[in-house]
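**Student:** Could you have a look at this structure, given as structure tokens, before my questions?
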Amino acid sequence: MTQNHQFEVVVVGAGGAGLMAGLYASKTAKTAVISKLYPTRSHTGAAQGGISAALGNLEEDRVEWHTYDSVKGSDYLGDQDSIEFMCQEAPQAILELEHMGLPFDRTPEGKISQRPFGGHTNNVTGKPVRRAAHAADRTGHMILQTLYQQCLKNNVNFYDEFQVLDLLTKDGKACGVVAVELATGELHVFHAKAVIFATGGHGRMWEITSNAYAYTGDGAAITFRRGIPLEDMEFFQFHPTGIYKLGILITEGVRGEGGILINGKGERFMPKYAPTVKDLASRDVISRAIYMEIREGRGVNGSNYIYLDVRPEVVNKFAALDGRTNPDGSPIKVTAEELLHKLPDIVDFNRVYLGIDPMTQPMPIQPTAHYTMGGIPTNRYGQVVVDDQGTIYPGLYAAGEVACVSIHGANRLGTNSLLDLVVFGKYSGLKAAEYAKSADFTPLPNDPTAFASQQFDALRNGDGKENAFDIGRELKKVMFDDVGVFRIEEGMKNALTKLAELRERFKHVRVNDSGKTFNTELLNAWELGNLLELAEVVATCALNRKESRGGHAREDYSKRDDANWLKHTLITRKNGKLEISYKPVVITKYQPKERVY
Ligand SMILES: Cc1cc2nc3c(=O)[nH]c(=O)nc-3n(C[C@H](O)[C@H](O)[C@H](O)COP(=O)(O)OP(=O)(O)OC[C@H]3O[C@@H](n4cnc5c(N)ncnc54)[C@H](O)[C@@H]3O)c2cc1C
């Protein structure tokens, strides 16, 4: 039996973005937050390194520098009005988190401590600047716990372990969602005036990934099926330092604390690729540099990994060579004890998963699929915009990794995502509540659960010739091999052929578990359908963009081409066929220049 609920604002997702949206919407509107995971298990909890803001607590820093670094980091594809807005809001956002009780690390004087991160610089000297506020290497965990407590205090209605399957629309307006309750298998209809998607990314379509199992692109796939476009889907970030073979993230904070990348010949290679910021260049630059070293035979033991070295003696040696000092000008002399204090989880991961102690041994790493830059197009208030004119889709909002504002453009700077969640989560919540006050409930469509039920029925009634697990494995492999760090026409065409085959085979999947309670087999298969849908979108957009920019590196078009490609991609499906259009990039102060690090 279907159960019905009515709320003014429904937020889908309880990560940093969803909780912030829920918190702000609930101040004035009756709000529900629906999440397939228990809220504090969201991927935000895995964020390690920090959250950026030009607080200038340890050295001079400015909002304008943060803005420019983010524009440059985005390879000029980010919308500059939105980036300016986010960087201006940043210091206040951090203080707000502090006032909510977030236990940031402190300087000896009691200020919020900050560490350097890739691409964040002093714009005068070009050297790394300390801009990332942090709570050890568990910053995201602390954000999630803090926001969840605030939401409970504010009486937000939580529907934990409810998975949203469909967006309901009528007369061109959003009017609710359909969800399945995981514990019972029952469908629930949530009738709403405003719906905010905050469902995170889709990094599980790649073989080596730092992303949680839940990162199956549900929100993007659901809205896409309902005719909402997706923006800049060719842009996906590969983080340079994942644990070899496992993909588990080693935060950039390790390099922020002075860690160095070393190839199989024992050489530090980053100065060759980024002479000024070296091991703290932006992620796309470093991931490509690692691939180049490996391709040219300088992987460790001829294999496809290199080392990240944060042993105290190595950190101190290179700090002296680079002329890096403490804020008071004294030489950097870190001890294992200090590093253990600042990077406890990283040290633990290595000990547990690899049996390696990073204080006495270097860590084997390789680039890992990490962050979804593209997503549901929004303006800076989280309102979903469906065309190149910025036309708003009434009642529909998105925030966090599922959204494309676009702040991160072609490449996100480390620590800008947690900031994005807090800033745009807040504004989407405020705007949705404001809209809910002025709008009436749009009537629900007839038979609201029809499309969701149809998707489940297809999986229950397939002929069973195919197995979802095999399809998933083949999907991840082809995406990693052919739509990964480097891309070339032939490879992407090969990927698209393979993806069409996998989509066809997916129609023959049959879920064997006919149970209602926690039917994870059914839900995993449904999630695989989302990944297959989005993988085709990613590969199509990547093949279409004939240039290299940020995270999209083409071997056959190795240069950035502003004359033809300084524009956002929009993609929709019309009559079963994918269609691409474009929208202009907002440029305010910063004309595109070559990126030099
Ligand atoms: C290992 C790792 C480390 C990172 N470190 C940093 C860092 O140091 N600094 C930084 O700025 N960024 C970092 N990032 C990136 C950043 O953490 C993420 O981009 C961000 O946390 C995403 O937040 P979100 O709120 O958009 O999504 P999430 O936190 O993933 O939340 C998504 C929510 O949506 C829900 N959901 C999804 N699908 C459905 C559905 N169908 N129905 C109902 N609910 C659904 C989930 O239950 C979950 O609650 C890191 C990312 C990773 C993977």
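**Student:** Mind ordering 513-520, 289-296 by average Cβ neighbours within 10 Å, highest first?
**Tutor:** Working: 513-520: 12.8, 289-296: 18.5.
Final packing ranking: 289-296, 513-520.
**Student:** Apply the Karplus curve 6.51 cos²θ - 1.76 cosθ + 1.60, θ = phi - 60°, to the phi angles in the range 101-107 and return the couplings in whole Hz, x for Gly and Pro.
**Tutor:** Running phi through 6.51 cos²θ - 1.76 cosθ + 1.60 with θ = phi - 60° gives x, 5, x, 5, 5, 10, 7 Hz.
**Student:** With θ taken as phi - 60° and the coefficients 6.51, -1.76 and 1.60, list the Karplus ³J(HN,Hα) couplings across the range 396-409 in order, rounded to whole Hz; mark glycine and proline as x.
**Tutor:** 10, 9, 8, 8, x, 5, 6, 9, 10, 6, 10, 8, 8, x
**Student:** If I ignore ligands, DNA and RNA and count only protein heavy atoms, how much of residue 555 is accessible to a 1.4 Å probe, in Å² to the nearest 10?
**Tutor:** Number for this one is 90 Å².
**Student:** Next question, about the same structure. Work out the length of the dipole vector of the range 450-562 about its Cα centre, built from +1 on the beta-carbon of each Lys and Arg and -1 on the beta-carbon of each Asp and Glu, and round it to the nearest 20 debye. Mind dumping the intermediate values first?
**Tutor:** Working: 19 positive and 21 negative charges, 23 e Å.
Using only the charged Cβ atoms, the result is roughly 100 debye.
**Student:** Per DSSP H run of n ≥ 4, the term is -39500 (n - 2.57); total these for the chain, divide by its residue number, and report the mean residue ellipticity at 222 nm rounded to 500 deg cm²/dmol.
**Tutor:** Taken over the chain, the calculation gives -10500 deg cm²/dmol.
**Student:** If you count only protein heavy atoms with a 1.4 Å probe, what accessible area per residue comes out for the range 81-212, rounded to a whole Å²? Intermediate values should be presented prior to the final figure.
**Tutor:** On the way: 4250 Å² over 132 residues.
On a per-residue basis, the range 81-212 sits at 32 Å².
**Student:** Where the only charges are on Cβ atoms (+1 Lys, Arg; -1 Asp, Glu), what is the dipole of the range 230-280 about its Cα centre, to the nearest 20 debye? List each step's numbers first, then the result.
**Tutor:** Details: 6 positive and 7 negative charges, 90 e Å.
Here the range 230-280 has a charge dipole of around 440 debye.
**Student:** Turning to a different aspect of this structure: How large is ³J(HN,Hα), in whole Hz, for each residue of the range 373-382 in order, when computed from phi with the Karplus curve 6.51 cos²θ - 1.76 cosθ + 1.60 and θ = phi - 60°, using x for Gly and Pro?
**Tutor:** The phi angles translate into 6, x, x, 6, x, 9, 8, 6, 9, x Hz.
**Student:** Follow-up. For the chain, with the dipole built from +1 on Lys and Arg beta-carbon atoms and -1 on Asp and Glu ones, taken about the Cα centre, which of 49, 413, 378 lies farthest toward the positive end?
**Tutor:** 413
**Student:** Another question about this same structure. Could you please state how large a percent of the accessible area of the chain is carbon and sulfur, counting protein chains only and using a 1.4 Å probe? Walk me through the numbers on the way to the answer.
**Tutor:** Values: 10780 of 22000 Å².
Ligands and nucleic acids excluded, carbon and sulfur reach 49 percent.
**Student:** Which value, in Å² and to the nearest 10, is the accessible area of residue 380 when all protein chains are kept and the probe is 1.4 Å?
**Tutor:** Estimated to the nearest 10 Å², residue 380 gives 70 Å².
**Student:** How high is the FRET efficiency from residue 348 to residue 245, r the C-beta distance, R0 22 Å, rounded to 0.05? Kindly include the intermediate steps, with their values, before the conclusion.
**Tutor:** Details: r = 18 Å, r/R0 = 0.82.
Computed FRET efficiency for residue 348 and residue 245 comes out at 0.75.
**Student:** Work out the FRET efficiency for residue 6 and residue 503 from their Cβ-Cβ distance, taking R0 = 30 Å, and round it to the nearest 0.05.
**Tutor:** Numbers: r = 36 Å, r/R0 = 1.21.
Computed FRET efficiency for residue 6 and residue 503: 0.25.
**Student:** Would you grab the residues whose amide H sits under 5 Å from the one on residue 176? Only those 5+ places off in sequence or on another chain, please, with H modelled 1.01 Å from N.
**Tutor:** When sequence neighbours closer than 5 places are left aside, the close amide H contacts are 168, 192.
**Student:** Can you tell me the accessible area per residue over the range 1-64, all protein chains present, probe 1.4 angstrom, in square angstrom? Mind dumping the intermediate values first?
**Tutor:** Details: 2210 Å² over 64 residues.
Ligands and nucleic acids excluded, the result is 34 Å² per residue.
**Student:** Here is a further query. Where in the chain are the DSSP H helices whose alpha-carbon span along the long axis reaches 27 Å or more and whose Kyte-Doolittle mean is at least -1.0? It would help to have the intermediate numbers written out before the result.
**Tutor:** Details: long enough: 80-100 (29 Å, -0.20); 416-438 (33 Å, 0.17); 520-544 (36 Å, 0.70).
Counting only whole DSSP H runs, the qualifying helices are 80-100, 416-438, 520-544.
**Student:** Right, another one. Once R0 is set to 25 Å, what does the formula 1/(1 + (r/R0)^6) return for the Cβ-Cβ distance between residue 149 and residue 106, expressed as a FRET efficiency to the nearest 0.05? Intermediate results must be reported in sequence, preceding the final value.
**Tutor:** Values: r = 21 Å, r/R0 = 0.82.
Here the calculated transfer efficiency is 0.75.
**Student:** Further question: Provide the packing ranking of 201-214, 14-27, i.e. peptides ordered by the mean count of other C-beta atoms within 10 Å per residue, highest first.
**Tutor:** 14-27, 201-214
**Student:** Evaluate the charge dipole of the chain about its Cα centre and quote only its size in Debye, nearest 20, assuming +1 on the Cβ of each Lys and Arg and -1 on the Cβ of each Asp and Glu. Could the numbers behind the result be given before it?
**Tutor:** Details: 68 positive and 73 negative charges, 82 e Å.
Once rounded to the nearest 20, the dipole reads 400 debye.
**Student:** Suppose each label sits 7 Å from its Cα in the direction of the beta carbon; what would the residue 98-residue 591 distance come out to in nanometres?
**Tutor:** 3.9
**Student:** Could you check the spin-label model distance between residue 460 and residue 272? Points 7 Å from the Cα along Cα→Cβ, value in nm.
**Tutor:** Placing both labels 7 Å beyond Cα along the Cβ direction yields 5.9 nm.
**Student:** Which part of the range 454-476 falls in the paramagnetic zone of residue 494, meaning amide N under 18 Å from the point 7 Å along Cα-to-beta-carbon?
**Tutor:** Within reach of a label on residue 494: 473-476.
**Student:** Right, next: For the ranges 111-120, 95-104, what's the packing order if you count other beta-carbon atoms within 10 Å of each residue, average per peptide, and put the highest first? Could you put the intermediate results ahead of the total?
**Tutor:** Details: 111-120: 25.3, 95-104: 15.1.
Top to bottom by mean Cβ count within 10 Å: 111-120, 95-104.
**Student:** With a 1.4 Å probe and every protein chain left in place, work out the accessible area per residue of the range 458-503 in Å², rounded to a whole number. Intermediate results must be reported in sequence, preceding the final value.
**Tutor:** On the way: 2320 Å² over 46 residues.
Normalised by residue count, the accessible surface of the range 458-503 is 51 Å².
The values are calculated or read from the model by the stated rules, or taken from the named source; none is laboratory data. Owing to the predicted nature of the structure, the values given are computational and were not obtained by experimental measurement. All Cβ positions, even for glycine, are placed from backbone atoms using ideal geometry, and neighbour counts span all protein chains on display. Accessible surface areas use protein heavy atoms only, side chains included; no ligands, DNA or RNA. Shrake-Rupley method; radii C 1.70, N 1.55, O 1.52, S 1.80 Å.
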